[in-house]
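For reference, the structure is listed below as structure tokens.
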Amino acid sequence: MTENEEAKKAEEKKDEKKEERPRPKDSLIETKHSITIKGREIKYTVTTGTIVMKEETPDREKDAEGEKPRARIFFIAYTKNGVKDNKKRPLTFSFNGGPGSASVWLHMGLLGPRRVVLEFDGSTPKPPFELTDNEYSLLDETDLVFIDPVSTGYSRPVEGEKPKEWHGFKKDIESVGDFIRLYTTRYNRWLSPKFIIGESYGTTRAAGLSEYLYNQYGMALNGIMLISSVLNFGTADFTPGNDLPYMLFVPAYAATAWYHHVVQGKHQSLQEFLAEAKEFALGEYASALIKGDALAAEERARVIERLSHYTGISTTFIERANLRILDQHFFKELLRERGLTVGRLDSRFTGRDKLGVTEFAEFDPLFTNVTPPYTAAFNDYVRTELKFESDLQYVISGWRFVNPWSYAEFENQHVFVSESLRRAMTMNPHLKVFVANGYYDLGTPYSATEYTFNHLGLHESLRNNISMRYYEAGHMMYIHMPSLAQLKADLAEFVRNSAKK
């Protein structure tokens with residue numbers, strides 16, 4: 001047998017093995033439920049499971065339609081029963097961020113009809129944990145579809161595909177956008193008012209999706225809801241030569257110092273104190289940082305005193321840090337004398353490190369508070385109430401699974417999706433945007449978000465399409481019960497106003 005004949009035979013055997021491999025199929029379960037919201041019973045259907053996503057490809061593994069299965073996307077969809085006209089019933093697609101996070105946080109903390117039970121302020125109750133009906137669910141206003149991107153939740157590439165292909169900015173937006181198109185088509189929702197809601201990196205994804213869906217599929221959205229937004233990574237990236245975050249984090253530092261009673265003197269309210277801190281940060285402090293080494297000694301001393309006043313960090317530390325308080329230093333330094341650290345994503349929470357002399361905090365106490373109850377609640381809920389069974393790990397927070405995450409499209413620059421949102425809003429002038437901010441969020445601080453939207457470059461005729469709200473909690477403001485109640489009211493109003501003709 002010649003070498004060419006041997007190679008041909010080996011290829012034929014390989015093809016035979018491929019044919020023997022079972023074709024991946026959708027796996028969907030439907031269940032019926034009801035909930036009472038504002039005194040009204042809502043009966044609804046839940047569709048839980050995985051849809052096989054396919055792509056056109058030139059290789060031999062096409063199916064009859066000329067497409068190749070690439071990944072299984074897990075989702076949970078809630079649709080209200082008895083709706084006679086879907087054209088009047090809004091549809092909202094939801095996801096979280098990370099990258100590497102499943103949709104469980106918005107699903108079981110804010111939007112869905114079942115909610116994880118935490119303490120009043122969002123801290124962890126004693127295990128075992130509980131689920132309860134969510135009287136603040138948005139299901140009374142809109143149907144809901146929760147999407148887990150590839151490598152999160154139960155979403156995985158099909159056998160033979162490499163996960164890393166989905167671990168990047170561009171492919172992530174494309175795969176989520178393609179799922180939205182497919183779901184909208186299969187369930188006949190093209191004429192429904194459509195919304196997307198994302199949290200944290202999910203807001204980055206949402207901004208990218210607003211343009212991708214419009215350009216790729218001609219899908220115009222009614223509204224986008226951004227929970228703890230980050231559209232310009234330059235506002236939060238403490239890299240040498242970038243002074244922007246040092247200015248924009250000051251109001252959130254001030255909120256944290258105020259909450260933990262580090263601020264000296266009396267102030268009538270948090271909002272008044274933050275207004276002062278913001279004026280200083282964007283005025284005198286910003287001017288001082290721009291001057292750099294040319295800053296006069298007298299002005300430098302005055303700025304250090306005022307920065308210490310608003311942030312609670314000592315003048316000695318600020319002097320040694322050359323007027324620049326790194327976020328990681330702030331987490332450790334603010335309550336160092338108490339032997340505590342403050343959280344990044346919710347600075348109301350505190351942690352305790354092994355040593356009080358280290359430079360950085362060992363962990364973010366928000367995650368230690370919320371991860372166990374959300375993990376336990378979801379794993380029980382999906383099997384016992386939704387009847388979907390899988391032995392796969394439901395990956396709730398999987399940075400280790402998606403790292404490294406590719407930002408190849410932004411080589412030698414900060415990730416910047418504000419322009420995608422601006423273009424989408426310009427092409428679709430009916431598109432409305434709602435932005436929710438937590439005062440105690442030191443991951444995506446509210447002043448950084450304000451800066452981003454103030455530099456969006458929108459025409460003045462479109463600026464009123466953007467609305468912002470603020471809550472006395474952190475990144476996941478909905479774990480704080482008063483903020484949850486207010487956020488539900490704000491989102492409901494936004495959906496109603498954006499969906500009506």
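The values are calculated or read from the model by the stated rules, or taken from the named source; none is laboratory data. Since we're looking at a predicted model, the values are computed, not measured. For neighbour counting, all protein chains shown are included, and Cβ atoms are generated from backbone atoms with ideal geometry for every residue, glycine included. Areas reflect the complete protein model, heavy atoms only, side chains present, ligands, DNA and RNA absent. Shrake-Rupley method; radii C 1.70, N 1.55, O 1.52, S 1.80 Å.
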Notebook entry, point to check: Which residue out of Tyr253, Tyr259, Tyr246 is within 30 Å of Gly98 (Cβ to Cβ) and surrounded by fewer than 19 Cβ atoms within 10 Å (Cβ to Cβ)?
Noted result: Tyr259
Check: In this structure, does Asn188 turn out to be farther than 26 Å from Phe349 by Cα and part of a loop (DSSP other than H, G, I, E, B)?
Finding: yes
Item checked: Matching helices (runs of 4 or more DSSP H) fully within segment 327-445 where at least 1 residues are open to solvent by 60 Å² or more (accessible area, probe 1.4 Å) and either modelled with pLDDT of 95 or more or of a type in the set (Asp, Glu) (or both) -> 327-333, 365-384, 418-427
Notebook entry, point to check: From the residues in segment 209-220 that are open to solvent by 10 Å² or more (accessible area, probe 1.4 Å) and out of contact with any Gly (no Cβ under 9 Å at 6 or more places or on another chain), which one is nearest to Gly168 (Cα to Cα)?
Noted result: Glu211
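Yes/no per residue for (1) outside any helix (DSSP H, G or I); (2) over 26 Å from His261 (Cβ atoms); (3) open to solvent by less than 60 Å² (accessible area, probe 1.4 Å):
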position	(1), (2), (3)
Ser287	no, yes, yes
Gly292	no, yes, yes
Arg302	no, no, no
Ser308	no, no, yes
Thr316	no, no, no
Glu319	no, no, no
Item checked: Filter result for the condition that a residue is under 23 Å from His107 (Cβ atoms), of a type outside the set (A, V, I, L, M) and either touching an Asp or Glu at 6+ places or on another chain (Cβ under 9 Å) or open to solvent by less than 10 Å² (accessible area, probe 1.4 Å) (or both), over Thr142, Thr235, Thr132 -> Thr142
Next item on the list: Would you point out the residue of segment 191-208, among those that are in a helix (DSSP H, G or I) and among the β-branched types (Val, Ile, Thr), that is surrounded by the most Cβ atoms within 10 Å (Cβ to Cβ)?
Entry: Thr203
Notebook entry, point to check: Among the candidates Glu450, Glu460, which residue alone is acidic (Asp, Glu) and open to solvent by less than 30 Å² (accessible area, probe 1.4 Å)?
Noted result: Glu450
Notebook entry, point to check: In segment 477-499, how many are out of contact with any Asp or Glu (no Cβ under 7 Å at 6 or more places or on another chain) and either open to solvent by 80 Å² or more (accessible area, probe 1.4 Å) or under 22 Å from Asp133 (Cβ atoms) (or both)?
Noted result: 15
Check: Are any residues in segment 226-244 at pLDDT 95 or above, closer than 19 Å to Phe410 by Cα and of a type outside the set (Asp, Glu), and if so, which ones?
Finding: Ser229, Val230, Leu231, Asn232, Phe233, Gly234, Thr235, Ala236, Phe238, Asn242, Leu244
